[in-house]
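As structure tokens, the structure follows; a few thoughts come after it.
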Amino acid sequence: MPLASALRRRLREFLGRLEPCGYLAKESGAVTALRWLYLDSFRPKTEIDVTIRGARLTIRAGTPDLTVAFASLCGEFDELAGLVREGEGVVIDAGGYIGTAAIALSRLFPDREIVTVEPTSANFALLERNVAAFSNITPVKAAIGPAPGTLKLYDAGNAEWGFSQHGGIGGKEGRLVEEVEIATIPDLLARTGASDIALLKLDIEGSERELLAARPDWVERCQVIAAELHDRIAPGATRSYIDATAEGRRDVAVNGEKLVSVRL
């Protein structure tokens, strides 16, 4: 029975790879797709070069990289473009992962500077490579937080896209990944010389709770905030967001998991 269960599990895993393999074949060709399928099945963490929606990317087999790349580059952020008004303002991508969100935002806002912030060294190395061809993207290796300092990132089994200062779902302790510097939103504005934020995309694995808890003044300087909230990791994250965006803003309905508010 254990052997049969293991074989069924492996079969389900293999079948689950066929759909993304098919999508990748359309984007990068059959040879690249079959190579990814082999690496994803037998050599996880191996890097492979792919093309998705015309963007040349390096991703890692056996990680969420391909799934995230497809989501980012196939319309995840398109609805946000119509919410940003003309005028000054930088775009901040907080939670840059491997750079695909920044590429999508760069294409939506080609005349704005995109600051993409990612704390984890392994992810950031890929991010830098993936965004190198985009002159309006500035990579910053840091965690986003309410005050300068450092924080510890943990892996509680949520894969490369889910490293968090909170450990993980259910309060898991997790494995320490690394200790990283914190960048505040005012720090990022000072680096760019911008006074206004056209769009803040916030996906920082529970750290949004601490970032927004004190209702920071810089929220008033954000035209649009698009936040993915992680109460399952940091209970109270949604309450922090609601309290911080309660005045002078309106909520906007969009598809997906993000909560979006626009400055009045």
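The values are calculated or read from the model by the stated rules, or taken from the named source; none is laboratory data. Quick caveat, the model's predicted, so the values are computed rather than measured. Every residue, glycine among them, receives a Cβ derived from its backbone with ideal geometry; neighbour counts consider all protein chains shown. Areas reflect the complete protein model, heavy atoms only, side chains present, ligands, DNA and RNA absent. Shrake-Rupley method; radii C 1.70, N 1.55, O 1.52, S 1.80 Å.
Solvent-accessible area of R232, all protein chains in place: 130 Å² (probe radius 1.4 Å, heavy atoms, ligands and nucleic acids excluded).
Helix 30-42 versus the longest principal axis of the chain: what is the Cα-based angle in degrees, 0 to 90, to the nearest 10? Taking Cα atoms only, the helix is inclined about 90 degrees.
Against the main long axis of the alpha-carbon atoms of the chain, helix 121-131 sits at an angle near 80°. Note on the chain: with neighbouring protein chains present and a 1.4 Å probe, carbon and sulfur make up 53 percent of its accessible heavy-atom surface. In the assembled protein chains, E247 presents an accessible area of approximately 150 Å² (probe radius 1.4 Å). Taking a ≥ b ≥ c as the square roots of the Cα gyration tensor eigenvalues, the range 122-264 comes out oblate, since a/c reaches at least 1.5 and a/b does not exceed b/c. Taking 0.36 nm per residue of separation and subtracting the current Cα-Cα distance, fully stretching the chain between S41 and D251 would add 71.4 nm. Once you keep just the Cα pairs under 8 angstrom separated by 6 or more residues, what percentage relative contact order results for the chain? RCO, the chain: 13 percent.
Spacing of the modelled spin labels on A213 and L264, each 7 Å from Cα toward Cβ, amounts to 2.9 nm. Helix 2-28 and the long axis of the chain differ in direction by around 60°, with both axes built from C-alpha atoms. Which whole number in µm²/s is D for the chain by Stokes-Einstein, with the Kirkwood Rh taken over Cα pairs at 4 °C and 1.567 mPa s? Estimated diffusion coefficient is 67 µm²/s. Each residue of the range 73-90 was assigned a 3J(HN,Hα) from its phi angle through the Karplus curve 6.51 cos²θ - 1.76 cosθ + 1.60 (θ = phi - 60°); the sequence is 8, 10, x, 4, 10, 4, 5, 6, 4, x, 8, 8, 7, 5, x, 6, x, 8 Hz, with glycine and proline shown as x. Close amide H pairs (under 5 Å, H built 1.01 Å from N) link G96 with V117, E118, residues at least 5 positions away or on another chain. Residue by residue, the range 195-211 carries 3J(HN,Hα) couplings of 9, 10, 10, 5, 8, 10, 9, 10, 8, 10, 6, x, 5, 4, 4, 5, 4 Hz when phi is fed to the Karplus relation 6.51 cos²θ - 1.76 cosθ + 1.60 (θ = phi - 60°); x denotes Gly or Pro.
For the charge dipole of the chain, defined by +1 on Lys and Arg C-beta atoms and -1 on Asp and Glu C-beta atoms about the Cα centroid, which residue among A147, C222, S28 has the Cα displaced farthest towards the positive pole? Value: S28.
The length gained by stretching the chain between R239 and T58 to full extension, at 0.36 nm per residue less their Cα-Cα distance, is 61.5 nm.
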